[in-house]
Number of protein chains: 2
Amino acid sequence: MEPTAKLSKKRISESTIHRLSLYYRTLSLLEKENYETVSSKELAKREKLTPAQVRKDLSFFGTFGTRGLGYPVIELKKQIASILGIDRQWRVALVGVGNIGSALVSYKEFSRQDFHIVKLFDNDQRKIGSNHKGIVISDIKNLETELPEAKIEIVIVAVPATVAQYIVDDVVKAGIKAILNFAPVNLKVPDDVYVRNENMSMELEYLSFAMVNEHPKKKVK
Amino acid sequence: MEPTAKLSKKRISESTIHRLSLYYRTLSLLEKENYETVSSKELAKREKLTPAQVRKDLSFFGTFGTRGLGYPVIELKKQIASILGIDRQWRVALVGVGNIGSALVSYKEFSRQDFHIVKLFDNDQRKIGSNHKGIVISDIKNLETELPEAKIEIVIVAVPATVAQYIVDDVVKAGIKAILNFAPVNLKVPDDVYVRNENMSMELEYLSFAMVNEHPKKKVK
DNA sequence: ATTATTTTGTGAAGGTTTTCACATAAACAA
DNA sequence: TTGTTTATGTGAAAACCTTCACAAAATAAT
Ligand SMILES: NC(=O)c1ccc[n+]([C@@H]2O[C@H](COP(=O)([O-])OP(=O)(O)OC[C@H]3O[C@@H](n4cnc5c(N)ncnc54)[C@H](O)[C@@H]3O)[C@@H](O)[C@H]2O)c1
Ligand SMILES: NC(=O)c1ccc[n+]([C@@H]2O[C@H](COP(=O)([O-])OP(=O)(O)OC[C@H]3O[C@@H](n4cnc5c(N)ncnc54)[C@H](O)[C@@H]3O)[C@@H](O)[C@H]2O)c1
């Protein structure tokens, strides 16, 4: 059966995309464990999902498996990489080289996954010009000129919440269409700009809610 | 109309809880801006949601508004805090005082929201015993005894992925029921333990997918 | 070969979440 | 007062997402 690239009009749900990320990570692991093929059942078990969910998710994008056998690990991993758009390098800039910013620069998972932080910006004179993990920190004043020059496609925002919107306004002016935001604010951006928020308080608050209310988990088969 | 605390059997969706966190943050902002009341319309606008969504979310927990007027900002904030269980202090420990761990210890939003990191653990002899932001780093060997001693209720896991499961096994043995995990692995825990994962690659991959596929956003009114 | 077994891919069913739409109630204006 | 406006709270409808269940296809066993 040939893997087919469906170019369907149907909107794919956010959950499906997130699960593709999980499948990708698990397939990498399976590859290391020398699995040649994997069934939807096994994949589901590892992700605490149902096999039907796994098959349905994949079916939105094509047919990748062999009946009676399962999915070829290496090939499926490649296909998911292609679907997610991580079969290429993304040039990433980070604004705000503080506590969390510095941590992210050192985060090996990003570079392993072809997200390369190649530019850093800050407004602190003590930081500007200094070399941080092999990257010279640029002055935030030069954001609008240097982002296009460096062919940046994704910007990570790690500045204080009070200035995040101003920074993002400039980031958008520079033509950037994708932003990963760590500041605890709702950013306003034009319709054609994608923003994802990392909100750690939200997850802690979920834990808090769950404990206080003995919130039942979704049943898992 | 009296605010009523519904003790319903119905499972509240994860999305609703996450939105409560957003409402809470926005209400804090509205309080600072000296709003006395706020309508579901205004709240929705700030969160990029529909007014109906806001009202429905709140209605699961009681009736907090006044028809013709809206919701009293301070009172609603209190009510949401009570629902989320953040009207009290949570004692938090963090394991793995590395790049991301250190950043989290410095994260003021946590302490402002009554999540207090009061204990740090690591296995690096150079770090153990040293004072980090006013907390002496403990030896990971003492995890099982010191977690109960310090009355810890939530543990943040910020150790390398390869050891995360072992750490979590010990954390669970120590009786902890809530874990915030930063390691990129699917942790196995008993049914009565809540785990939330912070997966930053997932969000970057979502951005990647969205850009490559020109993924339409959900329509927003 | 033939049969039993495995496992995919997918319509349809079932379940959950969001949105609609309106009765209801409070506030405000005249 | 009375009427007009505003805005909640909520069943019902619509949209969306997950699971079911089974035909189809491939493998493995006899
Ligand atoms: N520390 C954490 O663990 C953590 C976790 C989640 C989210 N956040 C959020 O991430 C952001 C940064 O947090 P942090 O703890 O790293 O703070 P930080 O103060 O350590 O870092 C902020 C950095 O941004 C720089 N900066 C300030 N204004 C700037 C401007 N106008 N232009 C460019 N750079 C500017 C500062 O010089 C500093 O280097 C905050 O919004 C915070 O709420 C932090
Ligand atoms: N750096 C980031 O921005 C980032 C972002 C998201 C997730 N993560 C994840 O968070 C984890 C930590 O990442 P990091 O960049 O901070 O790494 P790091 O190496 O800087 O920190 C890891 C810390 O854990 C300690 N440690 C190692 N083994 C331990 C053990 N058995 N018991 C106790 N402590 C132990 C180390 O001494 C070190 O202090 C990793 O799983 C990583 O994938 C990191």
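Taking the axis that rotates chain B onto chain A, the chain B residue nearest to it by Cβ, with the distance rounded to whole Å, is B:103, 2. Between residue B:33 and residue B:10, the C-beta separation translates, for a Förster distance of 30 Å, into a calculated FRET efficiency of about 0.30. Taking amide H as placed 1.01 Å from N in the peptide plane, residue A:178 has its amide H under 5 Å from the amide H of A:155, A:194, each at least 5 places away in sequence or on another chain.
With both partners inside the protein assembly as shown, how many of the DSSP beta bridges are antiparallel, as a percent to the nearest 5?
The antiparallel fraction comes to roughly 20 percent.
Across the identical copies, the label point of residue B:108 (7 Å from Cα in the Cβ direction) is separated from its matches by 3.3 nm, in order from shortest.
Which of A:117, A:17, A:179 moves most in a GNM of chain A, Cα contacts under 10 Å? Of A:117, A:17, A:179, the Gaussian network model singles out A:17 as fluctuating most. Considering only A:70, A:134, A:96, the Gaussian network model of chain A with Cα springs below 10 Å gives its largest mean-square fluctuation to A:134.
Copy-to-copy label distances for residue B:68, where each label lies 7 Å from Cα along Cα-to-Cβ, are 7.4 nm in order of increasing length.
Step through the table entries B:141/B:173; A:151/A:173; B:133/B:173; A:56/B:41, compare each Cα-Cα distance with 25 Å, and write down the pairs that go over it. In this structure, B:133/B:173; A:56/B:41 exceed 25 Å between Cα atoms.
I need the calculated FRET efficiency for the pair residue B:213 and residue B:88, taking r as the beta carbon distance and R₀ as 56 Å, to the nearest 0.05.
For R0 = 56 Å, the calculated efficiency reads 0.80.
Distances between equivalent label points of residue A:188 across the copies, with each point positioned 7 Å along Cα→Cβ, amount to 5.0 nm, shortest listed first. Comparing Cα centroids, segment B:7-78 and segment B:189-221 end up 24 angstrom apart. Over all pairs of different C-alpha atoms in the protein assembly as shown, the reciprocal of the mean inverse distance, the Kirkwood hydrodynamic radius, equals 23.5 Å. Pairs of Cα atoms nearer than 8 Å and 6+ residues apart set the relative contact order; for chain B it is 15 percent. In segment B:94-202, the C-alpha radius of gyration followed by the widest Cα-Cα span (Dmax) gives 13.0, 36 angstrom.
Given a cut-off of 22 Å, name the pairs among A:218/B:188; A:188/B:217; A:217/B:45 whose C-alpha atoms lie farther apart than that in the structure shown. Going by Cα-Cα distance, A:217/B:45 fall outside the 22 Å limit. Against chain B, whose longest principal axis is taken from its Cα atoms, helix B:200-213 shows a tilt of about 50°. From least to most packed, judged by other beta carbons within 10 angstrom and beginning with the fewest, B:124, A:170, A:191 follow the order A:191, B:124, A:170.
Size descriptors for segment B:2-84, from the alpha-carbon set: Rg then Dmax equal 11.8, 37 Å. The aspartates and glutamates whose alpha-carbon is closer than 15 Å to the alpha-carbon of residue B:177, local same-chain residues fewer than 8 away aside, are A:203, A:205, A:214, B:144, B:153, B:169, B:191, B:192.
Roughly speaking, what % of Cα-Cα pairs in segment B:1-147 are separated by over 20 Å, rounded to a whole number? Tail of P(r) above 20 Å: 57 percent of Cα pairs.
Helix A:161-173 and the long axis of chain A differ in direction by around 80°, with both axes built from C-alpha atoms.
A short reminder: the numbers here are calculations on the coordinates, not readings from a lab. None of these values were measured; they are calculated from a predicted model. With ideal geometry, Cβ positions are generated from the backbone for all residues, glycine too; neighbour counts draw on all protein chains shown.
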